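Working notes for the structure below.
The values are calculated or read from the model by the stated rules, or taken from the named source; none is laboratory data. Nothing here was measured: the structure is a model prediction, and the numbers come from that model. Backbone-built Cβ (ideal geometry, glycine too); neighbour counts: all protein chains shown. SASA here: full protein model, heavy atoms, side chains in, ligands and nucleic acids out. Shrake-Rupley method; radii C 1.70, N 1.55, O 1.52, S 1.80 Å.
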Amino acid sequence: MTFSWSGADGWVRLQATLDAMFARVEDLLVDQVDPGAAAVLDVGCGTGATTLAIARKLGPHARCVGVDISEQMIALARQRAADAPVEFVVADAGSHRFDPGAFDVIASRFGVMFFEQPERAFANLRTATRGGGTLRAVVWRRAEETPFMTAAEQAVGGMLALPPRSTDGPGQFAFADRERVLHILDDASWSEAAVEPVDLPCAFPAADLDAYVGTMGPVGRALTEHDEATRARVVEHVRPAFDRFRHGDEVRFTAACWLVTATA
């Protein structure tokens, strides 16, 4: 069973903004995929950007499969794919019965931190990987290392009742602890595991900032329960917290991540 994904609507509505924001993360992940891979599974593929980028790299003869628990996001991914040689599956990658040894590479951009039982999930992905195949995933380091991601919730004060972020359960920063990640991979029978820090520049149009604040993260999710007037007041209140990230017509920040690699 997987962490309930309540933010799918935001990822769909802001697909273009988020793809632009995480373009350098996508570039890193695609670079990590062996150009000779015949089959790749993109875990937590969302609206399909990384799956499609990997397919472009590998060409039409490779099998590229994106899997996500959100029907809404997979629907958009399929629409974006058009005639591209990719497959998109609505499933829990942690428990779905993939064919054993079906994939050369398991890839993920921010998609593997939400498993309720990560050891079982990574064991399932290990089974789906051929011997000698690889795992390549990008996950977040500690929240404090990417202050952009928590700026809204820190600024909102008492205007909204927000649940505390989990640091050891499923969630955005669940894999912040390097040793925990290595332990999970070892328990799941992955070999040659490594967790290395990477700092990636991210940017998106400043014109999209209000939509981002009002849609994404704990603040955006909480605002779905409120009317438009409340939403406008909260966004107006929170907006100055992002002044330090504004550079002309862009919002810029550095994403403090781990690059997680392992071998089956």
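Here are the numbers:
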{"read-out": "Members of segment 1-23 found to be modelled with pLDDT of 95 or more and surrounded by fewer than 16 Cβ atoms within 10 Å (Cβ to Cβ), listed by number", "value": "ALA16"}
{"read-out": "Residue within segment 203-212 that is within 20 Å of ALA107 (Cβ to Cβ) and out of contact with any Leu (no Cβ under 9 Å at 6 or more places or on another chain) present", "value": "no"}
{"read-out": "Condition met for VAL156 (in contact with a helix residue (DSSP H, G or I) (Cβ under 9 Å, 6 or more places away or on another chain), closer than 30 Å to VAL234 by Cα and open to solvent by less than 20 Å² (accessible area, probe 1.4 Å))", "value": "yes"}
{"read-out": "Pairs where the first residue, in segment 171-190, is within 16 Å of TRP140 (Cβ to Cβ) and the second is open to solvent by 40 Å² or more (accessible area, probe 1.4 Å) and assigned to a helix (DSSP H, G or I), C-beta under 6 Å, 6+ apart", "value": "ILE184/GLU119"}
{"read-out": "Residues that are over 17 Å from PHE175 (Cβ atoms), buried (at least 19 other Cβ atoms within 10 Å of the Cβ) and of a type in the set (D, E, K, R), drawn from segment 71-128", "value": "ASP104"}
{"read-out": "Residue pairs meeting the criteria (Cβ under 7 Å; at least 6 apart or on separate chains; first in contact (Cβ under 8 Å) with a residue 40 or more places away in the chain and under 16 Å from VAL25 (Cα atoms), in segment 244-256; second of a type in the set (Lys, Arg) and open to solvent by less than 70 Å² (accessible area, probe 1.4 Å))", "value": "ALA256/ARG141"}
{"read-out": "Sole exception among (1) at negative phi; (2) over 13 Å from the mean Cα position of the chain (by Cα) for ALA82, by number", "value": "(1)"}
{"read-out": "Residues of segment 197-229 that turn out to be surrounded by 14 or more Cβ atoms within 10 Å (Cβ to Cβ) and assigned to a helix (DSSP H, G or I), as a count", "value": "14"}
{"read-out": "Test: residue in segment 36-54 that is in a strand (DSSP E or B), among the hydrophobic types (A, V, I, L, M, F, W, C) and surrounded by fewer than 23 Cβ atoms within 10 Å (Cβ to Cβ)", "value": "yes"}
{"read-out": "Within segment 55-140, strands (runs of 3 or more DSSP E) holding 3 or more residues that are at pLDDT 95 or above, farther than 13 Å from GLY44 by Cα and touching a Gly at 6+ places or on another chain (Cβ under 9 Å)", "value": "103-109, 129-140"}
